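To start, the structure itself, in structure tokens.
Coordinate-derived values only; no laboratory data. Just so it is clear, the structure is predicted and the values come from calculations on it, not from any experiment. All Cβ positions, glycine included, derive from the backbone under ideal geometry; neighbour counts span all protein chains shown.
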Amino acid sequence: MMDRSDGQWLNEPKAWSATEPGQLSLVTDANTDFWRSTHYGFIRDSGHFLGFAAPVAFTAQLRIRGRFETLYDQAGIMVRVDEQRWVKAGIELSDGRPMLSSVLTAGLSDWATGPCQFDPRDFWMRATVAKGVLRLQVSADGKIWPLVRLAPFPVASGYQVGPMACTPQRSGLHVTFSDLQITDPAGKDLHDLS
């Protein structure tokens with residue numbers, strides 16, 4: 001999937017490469033983030049995102065490898081309609097440790113975190129969007145997919161989905177993304193972890 005030529009950068013990083021088949025490596029620029037207003041009062045739309053077109057209903061999954069070292073270092077998957085309607089989910093360094101994190105934005109951002117129960121240096125994220133519902137899942141091995149979040153999500157004529165990375169407090173987070181797939185919605189039972 002990363003070999004497709006139709007991916008569009010939002011805030012292309014200065015340093016990135018796609019030399020390995022199906023793989024994207026990047027180094028984050030300084031002071032990059034996605035956030036809208038809540039608590040902090042600012043709007044940021046400067047994070048790195050490589051978006052691929054997705055239809056009105058889909059499942060997308062992605063492997064993420066990185067070393068999170070500084071407060072708010074983050075990388076994962078993003079689903080985006082526009083600058084006011086999006087979700088990002090993955091690992092974010094907070095309170096001195098890697099946290100499983102998701103930010104859902106519909107005009108304003110929320111932020112949900114939980115302790116990471118797997119090796120944060122190598123994991124998978126999955127997003128399913130269908131009929132106004134978003135389902136986020138995480139996997140330590142690409143085989144078992146526990147639920148992270150179930151939420152309403154804007155219905156749109158299409159979406160952009162793909163890898164996302166930000167470093168609000170520094171530059172220099174090295175991240176490698178691979179195994180991106182965008183398919184028809186999985187349609188599995190909510191408690192089916194496959």
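Loop-located trypsin sites (Lys or Arg not before Pro) in region 1-66 (DSSP state not H, G, I, E or B) with no more than 13 neighbouring Cβ atoms inside 10 Å: ARG4, LYS14. Overall shape: rounded for the chain, with the ratio a/c of the largest to smallest alpha carbon gyration tensor axis below 1.5. Computed extension length for SER17-SER46: 8.5 nm, one decimal, from 0.36 nm per residue of separation with the Cα-Cα distance subtracted. Cross-link list LYS88/LYS188; LYS14/LYS143; LYS14/LYS131: which exceed 30 angstrom alpha carbon to alpha carbon? Long pairs (Cα-Cα over 30 Å): LYS14/LYS143; LYS14/LYS131. For region 177-185, the Karplus equation 6.51 cos²θ - 1.76 cosθ + 1.60, evaluated at θ = phi - 60°, returns couplings of 10, 7, 6, 6, 10, 10, 10, 4, x Hz by residue, with Gly and Pro reported as x. Computed over the chain with a Gaussian network model linking Cα atoms closer than 10 Å, the most mobile of SER25, SER46, SER157 is SER157. Where Rh denotes the Kirkwood radius from the mean inverse Cα pair distance, what is Rg over Rh for region 88-194? Value, to two decimals: 0.94. Within the chain, the longest segment free of exposed loop sites, counting chymotrypsin sites (Phe, Trp or Tyr not before Pro) that fall outside DSSP classes H, G, I, E and B and have at most 13 other Cβ atoms within 10 Å, spans 43-194.
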